[in-house]
1. Go through (1) touching a strand residue (DSSP E or B) at 6+ places or on another chain (Cβ under 7 Å); (2) hydrophobic (A, V, I, L, M, F, W, C); (3) surrounded by fewer than 23 Cβ atoms within 10 Å (Cβ to Cβ) and name the single condition residue B:230 misses.
2. Could you count how many residues in segment B:253-274 are part of a loop (DSSP other than H, G, I, E, B) and more than 8 Å from every other protein chain (Cβ to nearest Cβ)?
3. Could you list, in sequence order, all residues of segment B:73-103 that are under 24 Å from residue B:229 (Cα atoms) and part of a loop (DSSP other than H, G, I, E, B)?
4. Only one of A:210, A:165 is surrounded by fewer than 23 Cβ atoms within 10 Å (Cβ to Cβ), at positive phi, more than 12 Å from chain B (Cβ to nearest Cβ) and at pLDDT below 95. Can you tell me which?
5. How many residues are exposed (fewer than 12 other Cβ atoms within 10 Å of the Cβ) and without any contact (Cβ under 8 Å) to a residue 40 or more places away in the chain when one looks only at segment B:182-207?
6. Is there a residue being more than 8 Å from chain B (Cβ to nearest Cβ), crowded, with 20+ Cβ neighbours inside 10 Å and over 30 Å from residue A:208 (Cβ atoms) anywhere in segment A:34-57?
7. Any idea how many residues of segment B:157-181 are in a loop (DSSP other than H, G, I, E, B), crowded, with 18+ Cβ neighbours inside 10 Å and more than 7 Å from chain A (Cβ to nearest Cβ)?
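The values are calculated or read from the model by the stated rules, or taken from the named source; none is laboratory data. Treat the numbers as computed from the prediction; the structure is a model and nothing was measured. Counting neighbours? That spans all protein chains shown, and the Cβs are built from the backbone with ideal geometry, glycine included.
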Amino acid sequence: MTERWERCIRLKEPLFTKPFLIFSALAGIAFLLSFYRELTGLGYVTGLNDGYSWGLFKNWNVTTLTALGSGGYAVAVLAWIFNEKKFHPIMRTAVLTSLVGYGTGMLALGIDVGRPWNFVWLADPQTWNRHSVLWEVAICMTSYFILALDVENMPPFLEKLYRSGDPAKKERAMKIFQFMQKTFPFGIALAFVLPSMHQSSLGALMYLAGTRVHPLWYTARMPLLYLIMAYVLGFACVLLVLALSAYFWDLGWDLEILGRLGQVMTWTSLLWLVAQFADLAYRGVLAQAFTFDKYSIYFLLETALILIPSFMLLSKSQRESPGALFRWTFLLTIGGLLYRFIPTTLAFSPLGDYRYFPSVAEIMMSIGFTALAVAVFLYAVKTFAILPASAGKVAAEEAMQPFDTL
Amino acid sequence: MDVNRRDILKGLLSGSALAAVATAGVPVAKAGKAEAVVPVPDAVGLMYDATKCIGCRACMPACQNANGLQPDPGGSGGLYMQPDTLNAHTKNLIKLYVAADGHERSFMKQQCMHCVDPACVSGCPMAALHKEPHGVVGWNPTLCIGCRYCQIACPFNIPKFEWDKVNPKIVKCEMCRHLVGATETQPACTKVCPTHAVIYGKRSDLLAEAHKRIKEHPGFYFEDRVYGEFEGGGTQCLVLSHVDYSNLGLPKLDKESVPSHVRGVSDFIYRGFLTPVVVYGGIVAIVRNRWKDHLNDSDHGGNGKAHGEEKPV
């Protein structure tokens, strides 16, 4: 049953399937609500208040979900830095998940800010507050999206141009591609440095909140822990997306790639656990994990969801069974997402009597932004050669591939 | 494969050696310890002595008039001003603390503390929140993008946001900076206070006055200390009361400000942006080798050669 993924293929399936329409409809609802929000104000669509001024949009769609969007970053480290060549066929899928993850996260950020028109001042470096962690996140995420992710996602698009049959387009595609060939290492290095910076900065965001974040999560090592978790979740996201794609679109199961991805994810997750518990012990707050108050229960839940799958996946037989690998990775993902989310909202307590629960419209918008990511992903894999497949599955017209494995 | 492993080791080693050499020359503070911010010499502030406050709340409408804020009916059904927290209509609020036993009481004037090293200013991505020449924390509507990081960062939970506006503002005390020095010599609240419970002046003078009062009445003020002298790196608004400050909504804060810790961590990691540059150089070196290898690798896209236009990549 195991196959060897070597090439990227375009899914020959109609775009307008039922799932695509459902995800698009959810995204459409989010757009309508966003439009309403721009005409009225944040208070009309969200449950945010002066105590909990950040909610689902920033804390879930940006801080938490962009960790899932770190797939392109994490897998590129394996493929390009550690030179594990077998990962090249899944790079396109990985960078696409990053593109849609970051894209929708930044969209959520744009909807969330109250005075977006003042973004124009970002063009004037005199207004920058270089000490601001949020400034770093904003600039760095935008640069990553524009300079690295867009470029990394170019080859499938160029390939389509190349095969369009129009000689002018073909030539243009080739020209751009030749330029990319020269600059590619510089782009890959940027796609490593920038996410390293902003994924750790996302952890530093709540460091400024001081004692208002519960001590189980509040540490000077938050940037490091957030960064490691970005790797774990990046691997996990690519693994889950590939597993689901393989299941729904019959791509086969490349045990070598997926098993190894699961293995690296497990090691990274164990590294995170070691760092997390070393830090907790060093700060002397480990006892607070067992007080069984609200925070202790959040902590234990999060830890269990990270610890148990990590230990299970140490076993080779678990990693080699597609079902087990998928289930454990899924649980690990929930645990990892909880870790990234809890310090921002559940373990954040402002002074005074404030409560926050997202409003229905806010939840619909948050889901809609995520649905948009899925819809764009579905569109892309049916339009461009992105998903991996064995060489035998590649259609004749796709076999000649000047852009292959990029 | 062996060659590749050696390559990466070489790359990583040379990269980190370069980083070590380069960073050794840059003087940076240890992790978590950046230089503390000290008050500017002519820093101004308020001192609120809760034991002198009679709770008349004259300062509240005075504040609203001076700042062009609409009265906030709160939950009163629109009959009179009665906000229960600071909000987008209220920059200044007198609250009353009553202990559970009903005996110990103290008023509290809630407003921006104008920190010496403010977390809101440190976090504000666009420098919309900034320190004015006398250390007053001002807000610039032209630059604010409405991200509300100031609300997340402020340890006193002071900045408020106009949630129901299309063009929302951040609302917080700016010590009447638009009036003081222009038409007024002091903020509206200190001007109207009938008992001089809140006074305006240079921070150093106010601190001296606070210590004088503590000295004259030993054991009267809570722990014989003035809140804001050291808390969170110091604040320009000072509070005196006979009850535990944490009962007045004033959190226990370290002497070192949180922003100084954040700067410490970020200086430790970034070394004046040297780290990203060095890492970038190292990664480029490694990936260039990989890329050459990748272009020559016959394993991938083997039929590109037959295609004859470009080497397969």
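1. Among (1) touching a strand residue (DSSP E or B) at 6+ places or on another chain (Cβ under 7 Å); (2) hydrophobic (A, V, I, L, M, F, W, C); (3) surrounded by fewer than 23 Cβ atoms within 10 Å (Cβ to Cβ), the lone unmet condition for residue B:230 is (1).
2. Of segment B:253-274, the ones part of a loop (DSSP other than H, G, I, E, B) are B:253-257, B:271-273.
If we keep only those that are more than 8 Å from every other protein chain (Cβ to nearest Cβ) too, we end up with B:254-257, B:271-273.
Matching residues across segment B:253-274 total 7.
3. Going residue by residue through segment B:73-103, those that are under 24 Å from residue B:229 (Cα atoms) are B:86, B:91-97.
Hits for segment B:73-103 are B:86, B:91, B:92.
4. Values: A:210 fails: more than 12 Å from chain B (Cβ to nearest Cβ).
Exactly one residue qualifies, and that residue is A:165.
5. Final tally of qualifying residues: 3.
6. no
7. Residues of segment B:157-181 that are in a loop (DSSP other than H, G, I, E, B), as a first pass: B:157-159, B:162-169, B:172-179, B:181.
If we keep only those that are crowded, with 18+ Cβ neighbours inside 10 Å as well, we get B:157-159, B:162-163, B:168, B:172-177.
From what is left, the residues that are more than 7 Å from chain A (Cβ to nearest Cβ) are B:158-159, B:162, B:172-177.
So the count comes out to 9.
Listed here are the residues, each with its yes/no results for (1) at pLDDT below 95; (2) in a helix (DSSP H, G or I); (3) farther than 19 Å from residue A:268 by Cα.
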{"residue": "A:301", "(1), (2), (3)": "no, yes, yes"}
{"residue": "A:307", "(1), (2), (3)": "no, yes, no"}
{"residue": "A:325", "(1), (2), (3)": "no, yes, no"}
{"residue": "A:332", "(1), (2), (3)": "no, yes, no"}
{"residue": "A:351", "(1), (2), (3)": "yes, no, yes"}
{"residue": "A:356", "(1), (2), (3)": "no, no, yes"}
{"residue": "A:365", "(1), (2), (3)": "no, yes, yes"}
{"residue": "A:372", "(1), (2), (3)": "no, yes, yes"}
{"residue": "A:380", "(1), (2), (3)": "no, yes, yes"}
